[in-house]
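Notes for the one structure printed next.
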Amino acid sequence: APAPHEKIVVSIVAFWIAVISTLYFIGLTIEQWKTIIGFIVNINLFFFYGAPLSTIYTVLKTRDSSSIHRPTMLLNTFNAVFWTAFGFGVMDWFIFIPNGIGAIMGFIQAFLRLVIPSRDAFAADSLSLEMKNGDVELGDTSPAVAEAETFSESNSGN
């Protein structure tokens, strides 16, 4: 059976094939094409830039910013800022408005990441303190770690 993300990708491709085919057979002008495609792409962008809203809610509720993935946040914010600048430069509201909203959402995430501490940071600080004391007990019981521990114990007698 196909994975859930594969079904989503196929659905999106099928949607765009249907849209483009329909627009082709209707016989619209280029400006009408641009307007319709612009609206559809903007709806897509609102979903893309709106996706972090659930993460922002989680950060505010738990007072923990570790759910904000820093590299994705930075790249999405830079992307939105550059597209906003381009849209403003060419005075294209289809580019300027949704990407401007995306840039604002990115800045909100960056602000939360800076202001609200991450539990990952607390864990890293406590681990470094434990390492300084020499009392490191990671407690990882994954099969790979158990196998590595067994291997090192069996080879320590050599």
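The values are calculated or read from the model by the stated rules, or taken from the named source; none is laboratory data. Since this is a predicted model, take the numbers as computed values, not measurements. All Cβ positions, even for glycine, are placed from backbone atoms using ideal geometry, and neighbour counts span all protein chains on display. In case anyone asks, the SASA skips ligands and DNA or RNA and just uses the protein heavy atoms, side chains included. Shrake-Rupley method; radii C 1.70, N 1.55, O 1.52, S 1.80 Å.
Within the range 74-90, is even one residue loosely packed, with under 14 Cβ neighbours inside 10 Å, part of a loop (DSSP other than H, G, I, E, B), of a type outside the set (G, A, S) and free of Cβ contacts under 8 Å to residues at least 12 places away in the same chain?
Scanning the range 74-90 turns up at least one residue that is loosely packed, with under 14 Cβ neighbours inside 10 Å, part of a loop (DSSP other than H, G, I, E, B), of a type outside the set (G, A, S) and free of Cβ contacts under 8 Å to residues at least 12 places away in the same chain.
Among S54, S21, which is the only one that is open to solvent by less than 50 Å² (accessible area, probe 1.4 Å) and part of a helix (DSSP H, G or I)?
Every option except S21 fails the conditions.
Against the conditions (1) on the phi < 0 side of the Ramachandran plot; (2) open to solvent by 50 Å² or more (accessible area, probe 1.4 Å), where does V59 fall short? Just the number, please.
(2)
Return the residues of the range 25-38 that are surrounded by 11 or more Cβ atoms within 10 Å (Cβ to Cβ) and either part of a loop (DSSP other than H, G, I, E, B) or not basic (K, R) (or both); say none if nothing qualifies.
L28, Q32, W33, T35, I36, I37, G38 - these are the residues of the range 25-38 that are surrounded by 11 or more Cβ atoms within 10 Å (Cβ to Cβ) and either part of a loop (DSSP other than H, G, I, E, B) or not basic (K, R) (or both).
Of the numbered conditions (1) modelled with pLDDT of 90 or more; (2) over 26 Å from V19 (Cα atoms), G87 fails exactly one; give the number of that condition.
(2)
Is it the case that the range 5-12 has a residue that's at pLDDT below 90, open to solvent by 80 Å² or more (accessible area, probe 1.4 Å), in a helix (DSSP H, G or I) and within 20 Å of F94 (Cβ to Cβ)?
Yes; the residues of the range 5-12 include at least one that is at pLDDT below 90, open to solvent by 80 Å² or more (accessible area, probe 1.4 Å), in a helix (DSSP H, G or I) and within 20 Å of F94 (Cβ to Cβ).
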